[in-house]
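Take a look at the structure set out below.
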Amino acid sequence: VSLGWEKVGTLKPKSVDEIPGDFWSLGCETLDRDLADWDAYKGYLKPLGIKRIRLQGGWNKTEKKKGVYDFAWLDHIVDSAHELGLEVCLETSYGNRLYEPRAGLGPGGTLPAGEETLKAWDAWVEAMVRHYRPKGVREWMMYNEPNLRRENTIEKIVAFNARTAETIKRVDPDAKIAGLVAAGLRISLIESWLKGLQDMGKLDHFEWVIYHGYGANPDSLAPGMEKAKELVRQYSPTIKLWQGEAGCASEEVQYALSGVDWTELSHAKWNARRMLCDFAHGIESTVFTISDLSYSKSFISRYGLLKTEPDNSIIKVKTAYYVVNNVVSVFNDSVTVNDVAKVEVSPADGLSVYAFRDRKTGHDLIALWDSSAMPIDPCELTTVDVAVTDLKLSDPVWLDLLTSRIYRIPAANISKVGRTTTLKEIPIFDSPVVLTDRSILSYVQARKPKKKPRPVPKPPKRSAKTKGAFPLKPYRLFGTQKPTPAVVIHYADQGNGNWAEQLAEALRSGGMHTFILSDTSRDLADAVAHVRSQATGWQVDPKQIGVLGDAKALLSYRKVGADFAVVFGGKAETGQDKGLKVIDASQLGAPLAKDSPWLTDLLKWLEPRKTKVF
């Protein structure tokens with residue numbers, strides 16, 4: 001990225017001791033299964049600048065003989081972390097095969113169950129809290145991603161969370177506990193968890209509710225995050241949201257966010273966007289993860305900020321490591337969200353724009369980037385005009401969080417009319433840039449060039465995107481870990497004006513990306529082709545795209561190019577095409593009810609098309 005502007009310098013990295021607060025957390029997971037090596041990467045933790053780390057307790061590794069707990073392996077890690085000035089949050093995952101031969105030792109297993117197992121679980125949790133409370137561990141997480149397993153109903157999750165939290169609080173009344181720890185951002189799941197604990201009178205045991213914020217486009221979760229925040233506020237004035245695990249890979253990967261051609265550059269951009277989106281919404285955020293994970297020795301899971309060998313030794317530091325440090329060096333407790341700022345960007349389509357303010361000086365920080373799609377390798381600059389009311393900047397600079405470079409914004413690009421300051425022709429791309437004051441940044445000063453630099457071509461002016469290029473109204477999931485099926489509804493009134501919208505919401509709550517083709521003159525085949533062309537960025541499974549509509553609209557779903565179809569109207573027949581579902585017209589009601597037998601049956605029919613995670 002080169003602008004042709006005066007280069008001020010490069011952002012100076014800050015370590016844990018220099019960064020105030022503990023808004024950020026870092027994943028140091030899977031050490032209980034030896035999928036990473038603490039001693040190999042611990043030297044990289046303090047310079048990264050993130051104070052709080054997430055560790056997993058590892059019941060199966062700690063209790064290998066019934067009633068005997070060997071915490072030596074975990075003591076080594078916790079003591080070492082504290083020596084580095086880090087804070088530890090311990091997660092109570094996973095099961096133990098002493099008690100259940102098929103117990104889950106990673107995400108996707110069933111929750112511990114049965115009288116003997118649950119008594120042993122209670123005893124282990126109590127022993128762990130008694131052991132680590134004197135060592136200064138005060139924060140705890142519940143069992144990881146239980147919702148990945150269908151058998152782990154929300155009722156079981158609520159009961160298990162309540163049971164575990166009671167044990168922790170009995171030993172340490174001052175403990176802070178994070179609950180749910182759900183895979184993905186599912187509003188209905190969060191609400192059921194909150195209501196279930198409220199009904200039990202146990203909601204006050206919890207400080208946070210955790211979701212894991214995956215999505216090929218990290219900014220796609222923003223609407224769901226605001227809905228989740230409002231929902232939590234309705235149930236408790238003290239419980240906070242925590243984005244407890246989110247990351248993408250730096251290469252092809254077989255687990256979360258698979259099916260995408262990731263690179264180290266897109267990996268770095270993704271992390272910066274996820275982090276700033278979380279910071280802007282005031283949701284505590286965890287980076288996943290410090291080190292690659294050796295789930296398979298022949299196919300390392302490349303989610304880490306550090307690249308590793310199959311033996312878990314470190315190969316190299318990835319670009320994302322430096323980018324994460326850039327983010328936390330600027331955005332920490334010294335900066336606050338500026339909710340009252342008036343910022344107008346032109347053109348604004350497809351952008352994320354957030355305003356912040358330095359607590360000490362009052363100087364503004366404006367972060368913006370192209371969030372219209374998932375991050376990609378090319379860094380193609382375009383320009384926008386940014387107008388800010390009552391902007392407080394005495395020495396305006398442009399900071400690129402990807403490269404850490406700082407450039408002075410030329411006076412010719414700044415104008416002021418009344419209270420509004422306009423920064424003109426500001427370069428942006430699909431990674432966050434920050435407009436702020438030079439004085440609040442710690443940086444290494446640039447060397448003065450000996451020769452006059454060659455002129456750099458100006459980036460093209462960003463053009464407003466054509467709205468309505470394809471008449472699809474999206475009801476996409478807020479975050480998925482794997483490509484997920486999609487459904488296109490060919491809009492039909494059904495005697496109720498918002499029937500299609502209600503159906504789309506029901507399908508989305510059932511775990512399906514959903515789109516409404518509101519212009520019925522458009523060919524369904526074009527709609528299917530359009531969704532398939534966007535599959536990577538939308539985390540849609542390109543081999544599981546279906547259509548819903550009446551028989552006349554669908555004709556032959558195979559000619560439409562769909563992988564499955566649902567026909568409304570007519571009579572359901574036995575022995576029909578396995579990819580075809582017929583809903584008897586007599587079953588349809590208006591308005592649509594969530595407990596409609598035909599809708600329950602439809603969601604059950606769609607369930608096998610979903611992909612399992614881990």
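Rule-based calculations on the coordinates, nothing more; no lab input. Bear in mind that the values here come from a model prediction, so they are computed numbers and not experimental data. Cβ sites come from the backbone with ideal geometry, for glycine too, and all protein chains shown count toward neighbours.
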So the FRET efficiency between residue 519 and residue 110, C-beta based with R0 = 45 Å and rounded to 0.05, is 0.45
Per DSSP helix of 4 or more residues, -39500 (n - 2.57); summed, then divided by the residues of the chain. What does that give at 222 nm, rounded to the nearest 500? -7500 deg cm²/dmol
What list of ³J(HN,Hα) values in whole Hz, one per residue of segment 189-194 in order, does the Karplus curve 6.51 cos²θ - 1.76 cosθ + 1.60 (θ = phi - 60°) give from phi, with Gly and Pro shown as x? 5, 4, 5, 5, 5, 4
Multiplying the sequence separation of residue 555 and residue 130 by 0.36 nm and subtracting their Cα-Cα distance, what value in nm do you get? 146.4 nm
What are the ³J(HN,Hα) values, in whole Hz, obtained from phi via the Karplus relation 6.51 cos²θ - 1.76 cosθ + 1.60 with θ = phi - 60°, for each residue of segment 506-514 in sequence order, with x given for Gly and Pro? 5, 5, 5, 5, x, x, 10, 4, 9
Packing-ranked peptide list from 525-534, 75-84, highest mean Cβ count within 10 angstrom first, is 525-534, 75-84
Give, in nm to one decimal, the length gained when the segment between residue 419 and residue 123 is fully stretched (0.36 nm per residue of separation minus the Cα-Cα distance). 100.2 nm
Modelling each spin label as a point 7 Å along the Cα-to-Cβ direction, I'd like the residue 251/residue 156 distance in nm, to one decimal. 3.6 nm
What is the distance, in nm, between label points placed 7 Å from the Cα along the Cα-to-Cβ direction at residue 439 and at residue 359? 1.9 nm
Amide H contacts under 5 Å for residue 382, restricted to residues at least 5 apart in sequence or on another chain and with H modeled in the peptide plane, are 428
Express in nm, to one decimal, how much length is gained between residue 79 and residue 446 on full extension, taking 0.36 nm for each residue of separation and deducting their alpha carbon distance. 128.1 nm
Estimated inter-spin distance, residue 395 and residue 200, nm [label 7 Å along Cα→Cβ]: 5.6 nm
What's the exposure ranking of 331, 429, going from fewest to most Cβ atoms within 10 Å? 429, 331
Rg in Å to one decimal, and Dmax rounded to a whole Å, for segment 269-360 via C-alpha atoms: 17.0, 52
Computed E for residue 577/residue 234 - FRET, C-beta separation, R0 56 angstrom, nearest 0.05: 0.80
Starting from the Kirkwood Rh over alpha-carbon pairs, what translational D in µm² s⁻¹ does segment 87-183 have by Stokes-Einstein at 25 °C and 0.890 mPa s? 181 µm²/s
Report relative contact order for the chain in percent, whole number only (criteria: Cα-Cα under 8 Å, sequence separation at least 6). 13 percent
Enclosed volume per residue, in Å³, of the convex hull spanned by Cα atoms of segment 337-445: 108 Å³
Against the 2.2 N^0.38 Å rule of thumb, the C-alpha Rg of the chain sits at a ratio of 1.02
Which of the peptides 138-148, 371-381 is most tightly packed, and how do the rest follow, judged by the mean count of other Cβ atoms within 10 Å per residue? 138-148, 371-381
Residue 70 to residue 297: FRET efficiency via 1/(1 + (r/R0)^6), r the Cβ-Cβ distance, R0 25 Å, to the nearest 0.05? 0.45
